[in-house]
Every structure is written in C-alpha cells, then in structure tokens.
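The values are calculated or read from the model by the stated rules, or taken from the named source; none is laboratory data. As the structure is a prediction and not an experimental result, all values here were calculated from the model. Backbone-built Cβ (ideal geometry, glycine too); neighbour counts: all protein chains shown.
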Amino acid sequence: MKKYIAELIGTCTLVTLGCGTAMLVGCDAANGSGYLLTALAFGLVIVGMAYCVGNISGCHINPAVSLGVLMSGGMTAKDFVGYVIAQCLGALAGAGILALIFKLGGVTDMTGGFGSNGLAGVNGSAIAGLLVEIVLTFVFVLTILGVTSKKAGHGSFGGLIIGLTLVLVHILGIGLTGTSVNPARSFGPALVAALTGNGAPLACLWVFIVGPFVGAALAALTYKALEK
C-alpha cells in the first residue's frame, strides 16, 4: 500500500506543479519562455520525486511508464493495476488543488483548461496528435528502461537523466499537443476542466491515453530486443 500512496503523491505533485505552471505562464507559441518554464516544471518534478519516492515505488507516476516496466518484467499485473489507479487518483487530486487555488484566488488560467492537453497545435488532427504522443512517449520510456537497467550503472544520476529527458520531449511537444506522455496527467486536468466548465477537453482525451500506452509498449518491446 505504501508504494501506491507514493505514486498518488508523486502524480498529484506532477499535475499540481507542472500543469499549474502551464496555467500561469501559458503555452503560446509566441511566448517561448512559457514553453521552457512549463517543460522545466514537469522535468524538475520528476527529478524531485525520483529522489523522494523513488526508493518506495520506483517513481513511475505515469501509467505509460508502469506499462513499460510491466512488459519488461519489472512488476506484477496486480501492482500495475494498483499503480494506475493510484496515479489517476493523484492526477485528479492535483487538478482539484489547482481548481481550488485558481478559482478561489481569481487567478487566470492561461491554458483555458487546467493545463489539459489538446490538438490545436496539430490543427485538430487526432492522427497527428496520436503520432506525436507515440513518438515522445517512446523516447521517454525507452530512456527510463535504459537508465534503470541493472546494466546501466548510472546510480544516483538516474532521476536527473529521466527528468531532463522529460524536459526535452516537452520542448517539442508543448506546441503540438501540450505534451502528455502520461495518461494520468491528461485524465485528471481534462476531467476537472470538464466538470468546472473550463473547456471541453474530454473529446480528444483518448489520444492522450492511447498514444502514450502505444509508445510505452513499443519502447518496452524495442528495449527487450536490443538488450538481448
């Protein structure tokens, strides 16, 4: 149970600080600093949580990462289900915290939807958005599997490498889909945004669930083939 609680806390922190930063600074293509601040926020949360709850749960805080670990033989199906439930609850909690802060404080949400993902950057194309999420998640999860492999020997630098990789995929992906690579991170803000009338991101939510899971599965299969 402790590892599930750790995943809940980690995912809540990711959504609160990552999506919260996006809400404050916006992700407008004309404002490059907003891109970088949001990318850094998501990446730095991973770095912090890796050294905070990594020794308890492995700091997946992402159902796609958990799928990659499952397919690589690093966790049981039972734990996978428990992790995903905890991650989704954590994402909802994080989005709920943002709703309270921004509503009570009268703060303007620059993203218009609690940092939820969308397809505006790819002109509404679900196929293009799906491809973006598959590719970015593939790179992210492949890096995680390599860094956390017993053969890697990265030691205490693993969390930093993974966090910087998340920054990297965000720099490209923010302008296209807002960068999900994490079904829970997309689910929480989208649901809270829909419930509060702050946009209607649920229509394209499937892209940010299917894409990361497909990308993670491909990463796991690729890494297993390369590692042999």
Legend entry - Matching residues in the stretch 188-210 - criterion: being buried (at least 24 other Cβ atoms within 10 Å of the Cβ) and under 12 Å from the mean Cα position of the chain (by Cα): 188, 189, 208
Inset, instruction - For the stretch 154-174, indicate whether the set of residues that are polar (S, T, N, Q) and either at pLDDT below 90 or more than 18 Å from residue 18 (Cβ to Cβ) (or both) is non-empty. - result: yes
Inset, instruction - Give just the number: which of (1) outside any helix (DSSP H, G or I); (2) at pLDDT below 95 does residue 60 not satisfy? - result: (2)
Legend entry - Candidates 107, 132, 141 - the one that is closer than 26 Å to residue 34 by Cα, in contact with a helix residue (DSSP H, G or I) (Cβ under 8 Å, 6 or more places away or on another chain), surrounded by fewer than 19 Cβ atoms within 10 Å (Cβ to Cβ) and of a type outside the set (S, T, N, Q): 107
Legend entry - Selected residue [under 17 Å from the mean Cα position of the chain (by Cα) and at pLDDT 95 or above] from 128, 216: 216
Inset, instruction - Return a yes/no flag: does the stretch 10-19 have any residue that is part of a helix (DSSP H, G or I), at pLDDT 95 or above and over 25 Å from residue 206 (Cβ atoms). - result: yes
Inset, instruction - Enumerate the helices (runs of 4 or more DSSP H) found wholly within the stretch 105-208, keeping only those where 2 or more residues are under 26 Å from residue 12 (Cβ atoms), of a type in the set (Gly, Ala, Ser) and in contact (Cβ under 8 Å) with a residue 60 or more places away in the chain. - result: 158-173, 183-195
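Conditions tested, residue by residue: (1) within 17 Å of residue 190 (Cβ to Cβ); (2) of a type in the set (Ser, Thr, Tyr); (3) in contact with a Gly (Cβ under 7 Å, 6 or more places away or on another chain).
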| residue | (1), (2), (3) |
| --- | --- |
| 83 | no, yes, no |
| 87 | yes, no, no |
| 92 | yes, no, yes |
| 126 | yes, no, no |
| 133 | yes, no, yes |
| 139 | no, no, no |
| 149 | no, yes, no |
| 158 | no, no, no |
| 163 | no, no, yes |
